[in-house]
Amino acid sequence: MNSFGNITAITKRELGGYFSSPVAYIFIVIFLLLTGTFTFLFGGFFERGQANLEAFFLWHPWLYLFLVPAVGMRLWAEERRSGTIELLLTMPITAWQAILGKFLASWAFIGLALVLTFPVFITVNYLGTPDNGVIWATYLGSFLMAGSYLAISSLTSALTRNQVVSLILSVVICLLLVLCGFQPLTDFLAARFSPAVVDTVASFSFLTHFMSFTKGVVDSRDVIFYLSIMVFSLFTTSVIIRSHRAG
Amino acid sequence: MLVSYQTFMIRVENLSKAFGPKVAVNRISFSVEKGEVLGFLGPNGAGKSTSMRMITGFIPPSEGKITVGGYDMVADPIPAKRLIGYLPENAPSYADMTVSGFLGFCAELRGLRGDEKKKAVNRAVEMCFLESVYYQSVDTLSKGYRHRTCFAQSIIHDPDILILDEPTDGLDPNQKHEIRSLIRRMGEKKVIIFSTHILEEVEAVCSRAIIIDRGQIVANGTPQELKQKSDLAGAVLLCASGVTAAEVTDRLANVSGARKTTIVKQDQGKIWARVYPKSESRNGELARAVHQAVQGWAIEELHTEEGRLDEVFRNITLPDTAKEETK
Ligand SMILES: Nc1ncnc2c1ncn2[C@@H]1O[C@H](COP(=O)(O)OP(=O)(O)O)[C@@H](O)[C@H]1O
Ligand SMILES: [Mg+2]
């Protein structure tokens with residue numbers, strides 16, 4: 001109960017922090033513009049002549065690659081730069097509550113950005129009769145994938161007091177995790193290694209696990225994959241934060 | 001029984017902290033009781049902040065034990081942290097929040113909600129004179145106000161223990177005075193530890209002072225006791241007019257109980273001389289002896305000196321340059 005209260009207080013503050021600067025609004029606008037552009041221009045949403053949102057979701061792993069680390073980069077880097085981490089961690093709360101509270105705030109922020117893409121959903125329903133089950137499943141997959149990107153950003157943010165360094169690090173890590181399931185790369189690997197190796201590498205990819213969601217399948221293995229990335233990254237965040245203080 | 005158990009609010013035993021090969025704090029031990037205002041004195045880099053960070057649970061000690069209100073800070077940090085209010089060095093606060101938002105957030109982390117929270121925030125705002133900036137964003141505040149906002153945060157839950165790292169650093173004289181009187185007022189009912197390198201501050205507010213140098217405690221006592229360590233303590237200062245320096249040294253050379261005499265200064269026909277005592281006796285004997293010896297002179301001033309803290313400080317802590325050499 002107490003820990004719930006602490007987490008809520010931190011989440012609330014962090015969300016407030018996002019919206020107290022224009023950055024949050026700029027981010028949302030950019031996110032919506034980019035998803036719109038990619039869906040309708042490059043995704044060929046209309047040309048496909050299909051009542052689904054494949055053209056929309058197709059771009060999410062790539063858009064997240066830059067946008068999500070930008071949301072997560074301040075989580076701990078800013079606390080360390082300004083020294084407020086000393087205030088936060090001498091409060092009667094655990095480091096876990098702080099890590100979780102902050103993570104949930106950034107995740108909720110991305111969630112809000114996702115919710116604001118509802119015009120695409122309305123459009124496709126207006127133009128045709130899509131399988132909305134598939135759309136909901138993909139939204140869920142996208143949200144889980146964003147959480148994984150964020151947890152990794154939380155980790156890199158704890159590594160440094162410089163937000164830009166944090167951003168670059170998390171983009172690189174996330175890029176690796178996307179690429180290891182990217183078709184050209186898996187083809188390349190398949191020509192050289194046994195299928196088992198290729199599958200193992202691909203099984204670490206954000207892309208691979210996102211694919212089944214886009215087909216409307218909510219497989220527990222995919223959900224568990226994203227959740228374990230989050231748990232692992234947040235756990236590592238706590239280890240990093242502890243090691244800083246240990247000197 | 002419970003009373004005796006609770007007299008020591010903070011107990012530190014053999015506390016050490018090493019950052020890699022560098023030992024920042026080296027086996028310090030002390031305890032603080034309720035009603036004490038303890039000054040942490042020491043030159044820059046002595047290890048004051050590091051000690052405070054360990055006591056408040058921000059960094060774990062490399063060695064040693066910290067007990068706060070009976071709770072072990074390492075094994076049982078949450079209840080220990082509840083008892084403490086902490087003002088870190090440089091008074092950090094969330095720049096993107098308003099004063100009211102920031103204090104409300106801190107109150108929530110202290111477990112206060114609803115009416116309790118509102119009351120706590122109002123009380124802290126009143127005590128730290130923040131009414132005029134209540135709805136202002138922290139990053140638009142002047143340094144003094146930002147400092148007081150963080151100070152307000154530390155007292156928001158009316159803690160039994162206050163730990164303040166250089167609470168008057170960078171403030172103007174009026175603000176310094178305000179903070180000092182606040183500390184003095186609250187010190188009657190709480191345990192306060194505050195660090196400083198300003199000596200007058202120690203005399204003004206502390207009931208006890210610990211001097212730290214290179215990670216070790218080099219002195220621990222009331223400001224009075226520390227001053228006694230001064231060379232000057234017990235010396236008699238004499239000011240006379242119409243006499244020459246030679247006459248003064250001559251006359252004072254034979255005073256009983258005097259070790260030596262120095263001329264402090266000469267100005268507009270007046271002459272100041274200091275007579276150092278041989279022993280520790282200080283019931284005014286030396287002053288009487290001096291008075292006897294100089295009968296007939298026009299005496300402007302004659303008193304026994306208490307000793308000066310800055311002199312003690314200089315004598316027992318090494319200056320920065322000497323420190324570099326010992327490295
Ligand atoms: N995180 C750290 N890593 C390495 N050295 C540190 C760290 N924090 C403090 N120190 C060193 O420990 C010593 C004591 O520092 P500090 O406690 O800040 O001194 P004070 O507050 O008395 O000025 C200094 O020499 C400082 O350089
Ligand atoms: Mg310091």
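Assign unit charges at the C-beta atoms only (+1 for Lys and Arg, -1 for Asp and Glu), then state the dipole size of chain B relative to its Cα centre in Debye, rounded to the nearest 20.
Magnitude of the dipole: close to 480 debye.
Could you tell me, in Å, what Rg and Dmax come out for the Cα atoms of chain B?
Final numbers for Rg and Dmax: 24.3, 77 Å.
Which value, in Å² rounded to 10, gives the accessible area of A:THR37 with a 1.4 Å probe and all protein chains present?
50
Report, in whole Å, the centroid distance computed from the Cα atoms of the range A:9-44 and the range A:101-147.
Going from one Cα centre to the other spans 13 Å.
Count, for each residue of B:85-96, the Cβ atoms from other chains sitting within 10 Å of its Cβ, then give me the mean as a whole number.
5
Could you sort B:HIS177, A:HIS209 by accessible area so the largest value comes first, with the probe set to 1.4 Å?
On the way: B:HIS177 115, A:HIS209 25 Å².
I get B:HIS177, A:HIS209, largest accessible area first.
Projecting each Cα onto the charge dipole of chain A (Lys/Arg +1, Asp/Glu -1 at the beta carbon, about the Cα centre), which of A:ASN2, A:THR123, A:VAL171 comes out farthest on the positive side?
Looking along the dipole axis, the top candidate is A:ASN2.
Once B and A are treated as a pair rather than alone, how much accessible area drops out, both sides summed, in Å² to 100, probe 1.4 Å? Could you put the intermediate results ahead of the total?
On the way: alone 16440 and 12380 Å², together 26360 Å².
The buried area between B and A, both sides summed, comes to about 2500 Å².
Could you tell me how many degrees, from 0 to 90 and to the nearest 10, lie between the Cα long axis of helix B:114-127 and the main elongation axis, the longest principal axis, of the Cα atoms of chain B?
That helix lies at roughly 20 degrees to the long axis.
What translational D, rounded to a whole number of µm²/s, comes out for the range A:28-93 from Stokes-Einstein when the hydrodynamic radius is the Kirkwood one over Cα pairs, at 25 °C and 0.890 mPa s?
So the translational diffusion coefficient is about 169 µm²/s.
Treating each Cα of the range B:16-167 as an identical point scatterer and ignoring solvent, apply the Debye formula and state log10 I(q)/I(0) at q = 0.21 Å⁻¹.
Listed by q, the Debye log ratios stand at -1.32.
Return the carbon/sulfur percentage of the accessible area of the range A:1-104, one whole number, probe 1.4 Å, all protein chains in place.
On the way: 3120 of 4290 Å².
On the range A:1-104, the fraction of accessible area on carbon and sulfur atoms equals 73 percent.
Past 27 Å, Cα to Cα, is the threshold; run A:LYS102/B:LYS190; A:LYS102/B:LYS22; B:LYS117/B:LYS189; B:LYS176/B:LYS265; B:LYS22/B:LYS65 against it and keep the listed order. Working shown, then result.
On the way: A:LYS102/B:LYS190 33 Å; A:LYS102/B:LYS22 33 Å; B:LYS117/B:LYS189 22 Å; B:LYS176/B:LYS265 33 Å; B:LYS22/B:LYS65 20 Å.
A:LYS102/B:LYS190; A:LYS102/B:LYS22; B:LYS176/B:LYS265, as the Cα separations exceed 27 Å there.
Which aspartates and glutamates does B:LYS278 reach when only Cα atoms under 18 Å apart count, and residues fewer than 8 places away in its own chain are ignored?
B:ASP231, B:ASP250, B:GLU305, B:GLU306
Between the range B:49-74 and the range B:206-271, how far is it from one alpha carbon centroid to the other, in angstrom?
Comparing the Cα centres of the range B:49-74 and the range B:206-271, I get a distance of 40 Å.
Would you mind getting the accessible area per residue of the protein assembly as shown, heavy atoms of the protein chains only, 1.4 Å probe, in Å²?
Per residue, the protein assembly as shown has 46 Å² of solvent-accessible surface.
Taking the range B:236-305 as the region of interest, what is the percent of Cα-Cα pairs per 5 angstrom bin, listed from the shortest bin to the one with the maximum distance?
3, 19, 34, 26, 13, 4, 1
For the residue pair A:THR200 and B:VAL74, what label-to-label distance in nm results when each label sits 7 Å from Cα along the Cα-to-beta-carbon direction?
4.1
Computed from the mean reciprocal separation of all distinct C-alpha pairs, what Kirkwood hydrodynamic radius does the range A:103-195 have, in Å?
Numbers: mean 1/r = 0.0629 Å⁻¹.
Value: 15.9 Å, from the Cα pair sum.
Given the options B:LYS190, B:LYS22, B:LYS117, state which has the largest fluctuation in a GNM of chain B using a 10 Å cut-off (strictly under) for Cα springs.
Taking springs between Cα atoms under 10 Å, the residue moving most is B:LYS22.
Given bins 10 angstrom wide, list per bin the percent of all Cα-Cα distances in the range A:191-247, short to long.
Over the range A:191-247, the share of Cα pairs per 10 Å bin runs 20, 33, 26, 16, 5 percent.
With N set to the number of residues, divide the alpha-carbon radius of gyration of the range B:113-186 by 2.2 N^0.38 Å and report two decimals.
Dividing the Cα radius of gyration by 2.2 N^0.38 Å gives 1.09.
Given a Förster radius of 56 Å and the C-beta distance between A:ARG192 and B:GLN216 as r, what FRET efficiency does 1/(1 + (r/R0)^6) yield to the nearest 0.05?
Values: r = 63 Å, r/R0 = 1.12.
In this case the efficiency is close to 0.35.
So which DSSP H runs in chain A come out at 18 Å plus along the axis (Cα) with average Kyte-Doolittle of at least 0.5? Each step should come with its number before you reach the end.
Values: long enough: A:2-19 (26 Å, -0.19); A:22-37 (22 Å, 2.25); A:95-115 (30 Å, 1.53); A:132-159 (41 Å, 1.09); A:163-179 (24 Å, 2.95); A:220-246 (38 Å, 0.87).
Both cut-offs are met by A:22-37, A:95-115, A:132-159, A:163-179, A:220-246.
Under a 10 Å cutoff between Cα atoms, tell me which one of A:ARG13, A:ARG161, A:ARG221 has the largest fluctuation in the Gaussian network model of chain A.
Largest GNM mean-square fluctuation: A:ARG221.
If the cut-off is a Cα-Cα distance under 17 Å, which aspartates and glutamates reach B:LYS48, setting aside same-chain residues fewer than 8 apart in sequence?
Within the straight-line limit of under 17 Å, B:LYS48 reaches these aspartates and glutamates: A:GLU86, B:GLU13, B:GLU63, B:GLU89, B:ASP165, B:GLU166, B:ASP169, B:GLU201, B:ASP213, B:ASP320.
Could you give the length gained on full extension between B:SER181 and B:SER241, defined as 0.36 nm per residue of separation minus the Cα-Cα distance, in nm?
17.6 nm
Looking at the P(r) of the protein assembly as shown, how many percent of alpha-carbon pairs lie beyond 47 Å?
On the way: 56988 of 164451 pairs.
That fraction is 35 percent.
Would you look at the GNM of chain B, springs on alpha carbons closer than 10 Å, and say which of B:ARG208, B:ARG180, B:ARG259 moves the most?
The residue with the greatest mean-square fluctuation here is B:ARG259.
Where does the range B:107-259 land on Rg(C-alpha)/(2.2 N^0.38 Å)?
1.54
Using the Kirkwood formula over every pair of different C-alpha atoms, what hydrodynamic radius in Å results for chain A?
19.0
How far apart, in nanometres, would the label points at B:TYR134 and A:SER20 be if each is projected 7 angstrom from Cα along the Cα-to-Cβ direction?
So the label points at B:TYR134 and A:SER20 sit 1.8 nm apart.
The values are calculated or read from the model by the stated rules, or taken from the named source; none is laboratory data. In this text, all values refer to a predicted model and were calculated from it rather than measured experimentally. Glycine gets a Cβ as well: all are built from the backbone with ideal geometry, and neighbour counts include every protein chain shown. When the accessible area is computed, the model is the full protein with side chains, heavy atoms only, and any ligands, DNA or RNA have been set aside. Shrake-Rupley method; radii C 1.70, N 1.55, O 1.52, S 1.80 Å.
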